[in-house]
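Trainee: Shown below is the structure under consideration.
The values are calculated or read from the model by the stated rules, or taken from the named source; none is laboratory data. Values in this document were obtained by computation on a predicted structure and should not be read as measured data. Here Cβ is always computed from backbone atoms with ideal geometry, including for glycine, and neighbour counts include all displayed protein chains. We work out accessible area using only protein heavy atoms, side chains counted, and drop any ligands, DNA or RNA first. Shrake-Rupley method; radii C 1.70, N 1.55, O 1.52, S 1.80 Å.
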Amino acid sequence: MASGFAKVCPRYGFLEHASVIYRFHEFELDLLACELRRDGDLVRLEPQVFALLLLLVENNDRIVTKEEMIEKIWDGRFISDAAVSSRIRAVRKALGDSSDQQRYLQTFYKRGLRFQVKPTLHSQPRAQRGQDQKTVAKHVVARPKPTIAVLPFTALNDLEKFTPIPDALPHDLIVALSQLRWVSVVARGSSFRFRDTDQDVIEIGRILGVSYCFSGSLIATGQGISINVELASTTNGQLIWAERFSAEPQHVFELCHRIVARCLVEMELNVSKNEADSVRPTEPAGLDIWTTFHTGLQLYYRFNSVDNETALTLFEQACRADGSFCRAHAALSSAYFQKAFYQYGDKRPEYIELCRTAAMRAVEIDPLDPFANYAMGRVFWLTHDVEESANWFEHAITNSPSYAHGHYAHSWARIVLGQSSGALDCAEEAMRLSPLDPFLASMQWVKACALLDMEKPQDAVIWSERAARAPRSTIVMPLLAVVANQAAGDRSRAAYWARQLRDRSPTIRKDEFFQMMPFCNSGLKQLFRHNLELFGL
């Protein structure tokens, strides 16, 4: 199962969490066994076909676009229309369906597919599942947090006046990394022993006892300097992230500052993904706290109820295995935030209280961790105390200026409080720090909202539609596209996005939206209210 969404399926097997089965007509879709059964008999499916069926079934309340299928099943890689169509035909064949009959899969021309039968979801009661989790927790073993070395950078030609940079830039990066709360950094005295060496990164990892390694090279050009930076896994030598930066001579020190900030962000994103991808569906005893935690993060970022529930289970396991693991508690709080914010279920007050308990524990363990502060801020968001929420988000970015999610969340709070000019700056900083972030669509949404409030509707249209088209877009994003287009005078385009919103969430109500977005900004609130009513939403 090489594709992204399909990787979820084996995890249900080795996690031993509650059995989750979707039933519709004579079929059962078993997430624990990764099986489709018809009247109890196994229907054999290729992994990507199973993943596509699961994606459609769990999102049966809306249309799933081809772009979302590619993002979830093929990790956003380029896939031909023929390849997508072949997987769709395979799903239809497995269900005894056809493009003419469309008993299960309804085609919406140039829009996508919708699974039009409402399945029933079956799982063990929470108490029984909790007992299963205790069993699994015995297999989650402690492991030291990820370790990283930063090697001196290599000069590829005569750098002239830039000669300090090959040592100065890695030194600044070591200092910045040492301030992160979740990673250990090898001291300069050890990592700088590997100067001017072509030694294999795996061997460097073995000697220094690290799991990741930053390295880089510099070359002086007629226009200034070009710097290549790489992050590699010392476990298998795989390159995790690389990028080239350049600047004119007068901007070199600004460039170094930007590189350090970007490296911190890429650590957050790529180490998490690498740790999750390293998981193999083998024995539960092979799991440790960090792979459990990072696997949970990748599922949490899918923004749907089934994956979020699995992520919640993983975070609970990590917290149980190590009660002092700050980030596991912050992540657990975030999973409960998602349940409360998107109303996955009918126990919102209970989810808010669990969100608060986990966030308070995270802050208690490490009050300087930006993720912990961010989690605490979102607790106050749920209770509509946006000013206090903004204070916690500000703490997060004060403690870690490169924390992109902190800048995004602070922007979000400032929008709601009516401080759109400052919100725009925060949103743009978040996108600059993390241009491929899982929350990128949300960052674009916030930027569009700020532009709309600043009476720049044409610019707001551009950013709201980018957010609404994104594979990870949520129901609030097409709503902003409706409002922005209406404000820009394009009624037909606004109507188009209103139809998209109805397809995604046929039962959306304005009171649900304002519970998500507790606007103190009366002008923006009235703008949304007017358009919700205008388009019958």
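Here's the yes/no breakdown for (1) over 20 Å from C319 (Cα atoms); (2) touching an Asp or Glu at 6+ places or on another chain (Cβ under 9 Å); (3) among the β-branched types (V, I, T); (4) part of a helix (DSSP H, G or I):
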| position | (1), (2), (3), (4) |
| --- | --- |
| R361 | no, no, no, yes |
| P367 | no, no, no, no |
| H384 | yes, no, no, no |
| S389 | yes, no, no, yes |
| H395 | yes, no, no, yes |
| T398 | yes, no, yes, yes |
| I415 | yes, yes, yes, yes |
| A427 | yes, no, no, yes |
| P435 | yes, no, no, no |
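Trainee: So which of Y342, Y408, Y351 ends up being out of contact with any Leu (no Cβ under 8 Å at 6 or more places or on another chain), at pLDDT below 90 and buried (at least 17 other Cβ atoms within 10 Å of the Cβ)? Spell out how you get there, then give the answer.
Mentor: Values: Y408 fails: at pLDDT below 90; Y351 fails: at pLDDT below 90.
Of the residues listed, the single one that is out of contact with any Leu (no Cβ under 8 Å at 6 or more places or on another chain), at pLDDT below 90 and buried (at least 17 other Cβ atoms within 10 Å of the Cβ) is Y342.
Trainee: Kindly list, by first and then second residue, each pair from a residue in segment 364-378 that is within 13 Å of Q179 (Cα to Cα) to a residue that is aromatic (F, W, Y), limited to pairs with Cβ atoms under 9 Å and residues at least 6 apart or on different chains.
Mentor: Within 9 Å, the pairs are D369/W182; P370/Y403.
Trainee: Hey, another quick one. Being within 15 Å of P146 (Cβ to Cβ) and touching a strand residue (DSSP E or B) at 6+ places or on another chain (Cβ under 8 Å) is the filter here, so list the residues in segment 202-237 that pass it.
Mentor: Of everything in segment 202-237, those that are within 15 Å of P146 (Cβ to Cβ) and touching a strand residue (DSSP E or B) at 6+ places or on another chain (Cβ under 8 Å) turn out to be G205, L208, G209, V210, S211, Y212, C213, F214, L231, A232, S233, T234.
Trainee: Kindly list, by first and then second residue, each pair from a residue in segment 510-534 that is touching a residue at least 12 places away in the same chain (Cβ under 8 Å) to a residue that is of a type in the set (F, W, Y) and open to solvent by 50 Å² or more (accessible area, probe 1.4 Å), limited to pairs with Cβ atoms under 9 Å and residues at least 6 apart or on different chains.
Mentor: Within 9 Å, the pairs are M516/Y342.
Trainee: Continuing with this model, one more query. Quick one: which strands (runs of 3 or more DSSP E) sit completely within segment 78-123 and have at least 3 residues that are at pLDDT 85 or above?
Mentor: Output list reads 105-108, 112-115.
Trainee: With respect to V416, is the statement that it is closer than 22 Å to P518 by Cα and over 18 Å from the mean Cα position of the chain (by Cα) true? Outline the logic, then answer.
Mentor: Numbers: closer than 22 Å to P518 by Cα: yes; over 18 Å from the mean Cα position of the chain (by Cα): yes.
When the stated conditions are applied, V416 passes them.
Trainee: For segment 307-338, which positions are open to solvent by less than 20 Å² (accessible area, probe 1.4 Å), touching a residue at least 60 places away in the same chain (Cβ under 8 Å) and aliphatic (A, V, I, L, M)?
Mentor: L314, A318, listed by residue number.
Trainee: Can you find, within segment 24-33, the residue that is nearest to T107 (Cα to Cα) among those that are at pLDDT 85 or above and open to solvent by less than 40 Å² (accessible area, probe 1.4 Å)?
Mentor: F24
Trainee: To continue, here is another question. Of (1) within 25 Å of F253 (Cβ to Cβ); (2) buried (at least 19 other Cβ atoms within 10 Å of the Cβ), S233 satisfies all except one. Which?
Mentor: Of everything listed in (1) within 25 Å of F253 (Cβ to Cβ); (2) buried (at least 19 other Cβ atoms within 10 Å of the Cβ), S233 misses just condition (1).
Trainee: Turning to a different aspect of this structure: For A487, only one of the following conditions fails: (1) more than 26 Å from L297 (Cα to Cα); (2) within 23 Å of the chain's Cα centre (by Cα). What is its number?
Mentor: So the condition that A487 fails would be (2).
Trainee: Still on this structure, I have one more. Mind counting the residues in segment 437-476 that are open to solvent by less than 20 Å² (accessible area, probe 1.4 Å), closer than 18 Å to G418 by Cα and more than 17 Å from the chain's Cα centre (by Cα)?
Mentor: 6
Trainee: Being among the β-branched types (V, I, T) and over 26 Å from K161 (Cβ atoms) narrows it down to one residue among I259, I225, I240, I219; which is it?
Mentor: Details: I259 fails: over 26 Å from K161 (Cβ atoms); I225 fails: over 26 Å from K161 (Cβ atoms); I219 fails: over 26 Å from K161 (Cβ atoms).
Checking each option against the conditions leaves just I240.
Trainee: Out of the residues in segment 34-50 meeting the condition of being in a helix (DSSP H, G or I) and modelled with pLDDT under 85, tell me which one is nearest to M69 (Cα to Cα).
Mentor: Looking only at segment 34-50, we keep the residues that are in a helix (DSSP H, G or I), and these are 47-50.
Keeping just the survivors that are modelled with pLDDT under 85 gives 47-48.
Values: P47: 14, Q48: 10 Å.
Out of the qualifying residues, it is Q48.
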